[in-house]
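What follows is a short report on a single structure.
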Amino acid sequence: CEQEEPWNSLNAGTSNSGSSSEVCHSSPVPELPGFYYDPEKNRYFRLLPGHNNYNPLTKESLQYKEMECKRLKLLEEEEMQKKKTSRAGLNASLVLRKRQLGLLSSTNYCRLVHELKVNCMQRRKVEIRSPDSSVTGTNNFKLIVADTACERIFTVNDVEHGGCKYGIINLSGLGKDSLTVEMYDNLYFTNRKVPNLGFSLTASSRLCLMGIAETPGCASLLPASLFSNSNPGDQPGMLCSFKISTAWSCAWCLNPQADNCFSTGLMRRVLVTNAMTGHRQTFGTSSDVLAQQFATQTPVLYNGCRSGEVFSIDIRQRSRRGHSWKAVRLFHDSAVTSVRLLQAEYYLMAADMAGKIKLWDLRAVKCVKQYEGHHNEHTTLPLQINEEEGLVTAVGQDCYTRIWSLQDAHLLRMIPSPHPSSRDSIPSVVFSSRLGGSRGVPGLLMAVKQDLYHFSYNSDNPYCP
């Protein structure tokens, strides 16, 4: 990948924000195969191949202990507000002085201000209220996704007896002085597990498209009125439910040329369905499709596969087999779990199961940037791009939320999870400068376990503009 030069002189002598988090130091003594050196006791201990009730010292337990040490240290630094800037020498007064002297353009100035605000974000717990007391505090969050206006959050929650249920959180009550949101359940729930990437919310905020990666799978279209508690007897039912086997991903098309169409990523094929007429188009692929997104300027669908291939489909053409209909083809070394188009649709960002996040130039068909630090081995984890703020956000399998600069791929901040790290407690986040609509508050929402947290911009911090 071609790494471009930093976009302003303030990048000189940059420091990686992740370096300050290395708190569990490795031992300088030589490593012995099958043994672990404890620096506190100054001796070696034998590593066992698996768990043992009498001697629980295993490689897995040592790794977990080291991760917890690192997480607790970071949480302590955040509570004491001991944060380092993402770039050496970067502070609010320096940025303002350079702007006044004409050394920074308005675009670069806004990006640097957002970098400072990201480093000043502080965690506060959000109170979740609901007319139904059984809704809140009983089920773990699995996934949260915002609509295009960031007025509401769609949630997927685990159910104790198995399966998932869905809800919508209204963010209108989220403000600087108020940390309260309203959550509404719907009348339907599924006894199957919903994958992390199997959901899409339409631009009108009225329809929810959801896919289930089980056999038999399905793609369901739900009206948002199902999540209102007013007149439950008058609520309409599910608009439509398409029985589709082995659905891994789905996406809704916002282009007028393919209105009312959605796509489903299946095993070795892509299925495009018109929700009004039921007409279907099938495109055969050589691998399972794990991630999808439609372009808005043209009726083109971008797909990420288990094989590592990313390709596009012009859905105006007829169904075909083979590779002749693939307009753009990109390749990763591992399974692609998320694809995101930038607004101008000249660039596409993709993440894979090797922890690689790459920005591709679709015109030159080459990788132009790579965002380092993301951790993933086998999980479908989504990406979020906020072009207005110039930020890229992703949650890793290690339960850390990382924020990069979109412009130069610099790691700005690494946020630890408030709960101990585990595979079943990976946080789900939403970042926006307008949480709750056009008059909303900026910041990051994090859902983990049964809790919801708001990381807001802190204007009281002297180092934050």
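The values are calculated or read from the model by the stated rules, or taken from the named source; none is laboratory data. Owing to the predicted nature of the structure, the values given are computational and were not obtained by experimental measurement. Backbone-built Cβ (ideal geometry, glycine too); neighbour counts: all protein chains shown. Please note that ligands, DNA and RNA were not included when accessible areas were found on the heavy atoms of the full protein model with its side chains. Shrake-Rupley method; radii C 1.70, N 1.55, O 1.52, S 1.80 Å.
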Return a yes/no flag: does region 255-273 have any residue that is in a loop (DSSP other than H, G, I, E, B) and within 27 Å of W404 (Cβ to Cβ). no
Which residues, counting only those in region 165-198, are open to solvent by less than 40 Å² (accessible area, probe 1.4 Å), closer than 18 Å to P382 by Cβ and modelled with pLDDT under 75? V194, P195, N196, L197, G198
When region 267-297 is examined, which residues are found to be touching a residue at least 40 places away in the same chain (Cβ under 8 Å) and within 25 Å of the chain's Cα centre (by Cα)? V270, V272, D288, V289, L290, A291, Q292, Q293, F294, A295, T296, Q297
Give region 130-153 a look and list any residue that's part of a strand (DSSP E or B) and either under 24 Å from Y457 (Cβ atoms) or at pLDDT below 85 (or both), or say none. F141, I144, V145, A146, R152, I153
Please specify each residue of region 363-405 satisfying the condition of being outside any strand (DSSP E or B), hydrophobic (A, V, I, L, M, F, W, C), in contact with a strand residue (DSSP E or B) (Cβ under 8 Å, 6 or more places away or on another chain) and open to solvent by 20 Å² or more (accessible area, probe 1.4 Å). V365
Options L116, L75: the member that is touching a Pro at 6+ places or on another chain (Cβ under 7 Å), open to solvent by less than 70 Å² (accessible area, probe 1.4 Å), at pLDDT 80 or above and under 22 Å from H374 (Cβ atoms): L75
So S287 ticks every box in (1) modelled with pLDDT under 90; (2) surrounded by fewer than 22 Cβ atoms within 10 Å (Cβ to Cβ) but one. Which box is left unticked? (1)
Criterion first (among the small types (G, A, S) and either free of Cβ contacts under 8 Å to residues at least 24 places away in the same chain or crowded, with 21+ Cβ neighbours inside 10 Å (or both)) does S338 satisfy it? yes
Of all residues in region 415-425, which are surrounded by fewer than 21 Cβ atoms within 10 Å (Cβ to Cβ) and in contact with a strand residue (DSSP E or B) (Cβ under 9 Å, 6 or more places away or on another chain)? P418, H419, D424, S425
Out of region 146-164, which residues are open to solvent by 40 Å² or more (accessible area, probe 1.4 Å) and in contact (Cβ under 8 Å) with a residue 40 or more places away in the chain? T148, A149, E151, R152
Looking at A327, A351, which is the one that is in a strand (DSSP E or B), in contact (Cβ under 8 Å) with a residue 24 or more places away in the chain and open to solvent by 60 Å² or more (accessible area, probe 1.4 Å)? A327
Taking the stated definitions as given, is W248 in contact with a Pro (Cβ under 7 Å, 6 or more places away or on another chain), surrounded by 13 or more Cβ atoms within 10 Å (Cβ to Cβ) and at pLDDT 80 or above? yes
Would you point out which residue out of R306, R320, R316 is surrounded by 14 or more Cβ atoms within 10 Å (Cβ to Cβ) and at pLDDT below 90? R320
